[in-house]
Amino acid sequence: MSTIHGLEQELADEICELAQDLGIQLTENPVVASAGVYVRGPWSFCLAMNLGLRCGSRVLCEVLEMDVRSLEDVYNAVLGLKWDTLFDSEMTFSVQSSSSDTSIKSNALNLKIKDGIVDAFKRALGRRPNVDKESPQVRIMARVHRGLLSVSLDTTGVPLAMRGYRSATHDAPLSELLGAGLLRMTGWQKLCRELRKENPERVYFSRVETHQNRSAEQQESGKESAGELKRRIPEAIVLSPDLIDPMCGTGTFAIEAALQLLNRRPQLDRAGFAYEYLSVIPSSVLKQEDRIRRSLRAQELSLLDAFKKVAQYRRDAMGQNTPSDAVSPFLLCRDTDSSAILAAKKNAENAGVTKLIQFEKGNVLGLEVHAPAGVVVMNPPYGVRLGEEEQLKGLYKEIGDTLKKECKGWQAWILAGSTALGGSVGLRPTRRKKVFNGGIECLWLQYVLF
Ligand SMILES: C[S@@+](CC[C@H](N)C(=O)[O-])C[C@H]1O[C@@H](n2cnc3c(N)ncnc32)[C@H](O)[C@@H]1O
């Protein structure tokens, strides 16, 4: 399954959780690869991954893996496959391929694979499927890397990142998939799973993990030894169902957080996956689609249940004095721009989660928190053009000062567009994760505030 660079481990963990939730036995544990995760399991799990995952982009079914040295090798390998058993000659198809080997150019690779498929069909049936580059029914994805050709059928179609709730847009919105993956890294998903239990216990962000993941850079700088840091960082970071995005734009973080809390899978209502066009998937498996949808739907919380669960967690796990019928929103979207607030509201409405979110116009520098613990997540502007980054450093510094002063007991995560911007925050990150946002290498930085 493909994903964004940097989210591979989150996706692998999510795959294991999905298998567990559906009682499906995977043939082996998911294996993390570059921008993807390899999974072996029953065909029904292919449908389940499409319907149930938040951190993946496409479920690809590998049909060929072979060593190749030339385009001729590629053609022969593709020709040797029984394509007429994979999809029907009545379907339209397209090939999308890439090559990192200098001896095989991507454009030529595309053509060779297409020729191999067409010729294999003609040999087997005397007829061939047509190519449709714009909206094919069957998409074939291929790549050559270090002499290894891998060819897959896309079972997804429109990428899973596109949830369908974001009709209103604003400056540089975060991909929904990336938003979901970054949230998982904060422990939000772990908290949501605990909240849904009958007798939830207090959940912590693992201190050991925090400690081990300190940047090697800081360790090397010798400014502070690992032991010293260990003593300074609070013993445990409590995960609390309070989340603020003070630079919310279109509201991606808060909406994804709400969907995770409700256990509502973003693609569960979607009609039209590419797997419907593939004859390689047995029709008996396709008939299981409704059952999988029902099974996932049965695990969702209603809005009322979500409020009850949050109140129960606050009371029983965190020892707070919260009435069991408390229904005030616990997610907060803020932005200085009122058009961003309007966009976030509209999108939350589309996703059916407005009741869980409070919307507020305001500067991040005026942020105040009213709970003893929680998580602040934010994606400040990066400044991609020359000179913009310099101007933004001041804002990042002020954000750091505000967090330190106002958010004691909380953890904050900032998506910084560069090491220089991250460094301008002026606080010592307790975790640094490299992730790609629209082709830009970014850092997802955690700050534990105490
Ligand atoms: C990169 S966008 C955030 C995108 C958002 N994560 C999404 O998915 O749509 C940055 C946001 O920060 C907001 N912003 C810029 N300066 C701000 C400030 N000082 N206080 C609050 N919000 C600010 C902008 O209006 C913009 O909506």
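A short reminder: the numbers here are calculations on the coordinates, not readings from a lab. Note that the structure is a prediction, hence the values are computed from the model and not measured. Cβ coordinates were reconstructed from backbone atoms using ideal geometry, including for glycine residues, and neighbour counts include every protein chain displayed.
Every cysteine in the chain with no other Cys Cβ under 4.7 Å from its Cβ, please list them in numeric order.
Isolated Cys, the chain: 16, 46, 55, 61, 192, 407, 442.
Quick one: if the Förster radius is 30 Å, what FRET efficiency do residue 150 and residue 287 give, using the C-beta to C-beta distance and rounding to 0.05?
Details: r = 30 Å, r/R0 = 0.99.
Step by step, r from the Cβ atoms, then E = 0.50.
Under the rule of at least 5 residues apart or a separate chain, name every residue whose amide H is placed under 5 Å from the amide H of residue 36.
Amide H neighbours of residue 36: 3.
Please name whichever of 161, 369, 430 sits farthest to the positive end of the charge dipole of the chain, dipole taken about the Cα centre and charges placed at Cβ: Lys and Arg +1, Asp and Glu -1.
Projecting each Cα onto the dipole axis, the largest value belongs to 369.
Based on Cα positions only, what radius of gyration and what Dmax would you give for the range 8-154, in angstroms?
16.4, 46
Please determine, in degrees from 0 to 90 and to the nearest 10, the orientation of helix 8-22 with respect to the longest principal axis defined by the Cα atoms of the chain, where the helix direction is its Cα long axis.
Relative to the chain, helix 8-22 is tipped by roughly 80 degrees.
How much of the DSSP bridge set in the range 8-154 is antiparallel, in percent, rounded to the nearest 5?
Details: 17 of 25 bridges.
Taking every DSSP beta bridge with both residues in the range 8-154, the antiparallel ones total about 70 percent.
Run the numbers for residue 279 and residue 76: contour at 0.36 nm per residue of separation, minus the present Cα-Cα distance, in nm.
Numbers: separation 203, 0.36 × 203 = 73.08 nm, distance 2.26 nm.
Length difference between fully extended and current span is 70.8 nm.
With θ taken as phi - 60° and the coefficients 6.51, -1.76 and 1.60, list the Karplus ³J(HN,Hα) couplings across the range 282-298 in order, rounded to whole Hz; mark glycine and proline as x.
The phi angles translate into x, 5, 4, 6, 4, 5, 7, 4, 4, 5, 5, 4, 5, 5, 6, 4, 5 Hz.
Roughly what % of DSSP beta bridges within the chain run antiparallel, to the nearest 5? Walk me through the numbers on the way to the answer.
On the way: 35 of 57 bridges.
So the antiparallel bridges amount to about 60 percent of the total.
Mind pulling the angle between the C-alpha long axis of helix 176-185 and the longest principal axis of the chain? Nearest 10 degrees, somewhere in 0 to 90.
Tilt of helix 176-185: around 50 degrees.
Determine the gain in length on full extension of the stretch residue 321-residue 398; use 0.36 nm per residue of separation and subtract their C-alpha separation, reporting nm with one decimal. Mind showing how you got there, number by number?
Working: separation 77, 0.36 × 77 = 27.72 nm, distance 3.38 nm.
Extra length available between residue 321 and residue 398 comes to 24.3 nm.
Would you mind working out the magnitude of the charge dipole of the chain relative to its Cα centre, with +1 at each Lys and Arg C-beta and -1 at each Asp and Glu C-beta, to the nearest 20 Debye? All intermediate terms of the calculation are to be shown ahead of the outcome.
Values: 58 positive and 55 negative charges, 85 e Å.
So the magnitude is around 400 debye.
Report, in degrees rounded to the nearest 10, the 0 to 90 angle that the Cα long axis of helix 106-125 makes with the longest principal axis of the chain.
50
Can you give the calculated 222 nm mean residue ellipticity of the chain, where each DSSP H run of n ≥ 4 adds -39,500 (n - 2.57) and the sum is split over every residue, rounded to the nearest 500 deg cm²/dmol? Working shown, then result.
Values: 16 runs with 164 residues, N = 450.
Helix contribution divided over all residues of the chain: -11000 deg cm²/dmol.
Picking from 246, 295, 77, whose Cα lies most toward the positive end of the charge dipole for the chain (charges on Cβ: Lys, Arg +1; Asp, Glu -1)?
295
How far apart, in nm, are the 7 Å Cα→Cβ label points at residue 131 and residue 90?
2.4
Hey, fewest Cβ within 10 Å first, where do 170, 370 land in order?
Details: 170 19, 370 7.
Listed from fewest to most nearby Cβ atoms, that is 370, 170.
What size of dipole, in debye to the nearest 20, comes out for the range 1-150 about its Cα centre when the only charges are +1 on Lys and Arg C-beta atoms and -1 on Asp and Glu C-beta atoms?
Details: 16 positive and 20 negative charges, 132 e Å.
With only Lys, Arg, Asp and Glu charged at Cβ, the dipole is about 640 debye.
Which GluC sites (Glu not before Pro) in the range 317-412 pass both tests, a DSSP loop state and at most 15 other beta-carbon atoms within 10 Å?
Details: sites: 349, 360, 368, 388, 389, 390, 398, 406; in loops: 368.
Passing sites in the range 317-412 are 368.
Which pairs, out of 82/112; 345/393; 82/114; 190/287, put more than 24 Å between their alpha-carbon atoms?
Numbers: 82/112 16 Å; 345/393 29 Å; 82/114 14 Å; 190/287 32 Å.
In this structure, 345/393; 190/287 exceed 24 Å between Cα atoms.
Taking R0 as 60 Å, what's the FRET efficiency between residue 405 and residue 298 from their Cβ-Cβ distance, rounded to 0.05? Display every interim value, and only then the final one.
On the way: r = 45 Å, r/R0 = 0.75.
Once rounded, the FRET efficiency stands at 0.85.
Could you rank the peptides 323-333, 288-298, 48-58, 423-433 by their average count of other C-beta atoms within 10 Å per residue, with the highest value first? Show your work: numbers first, answer last.
Working: 323-333: 16.6, 288-298: 14.6, 48-58: 25.2, 423-433: 19.5.
Highest to lowest by the protection proxy: 48-58, 423-433, 323-333, 288-298.
Using only the alpha carbons, work out the radius of gyration and Dmax of the chain in angstrom.
23.8, 74
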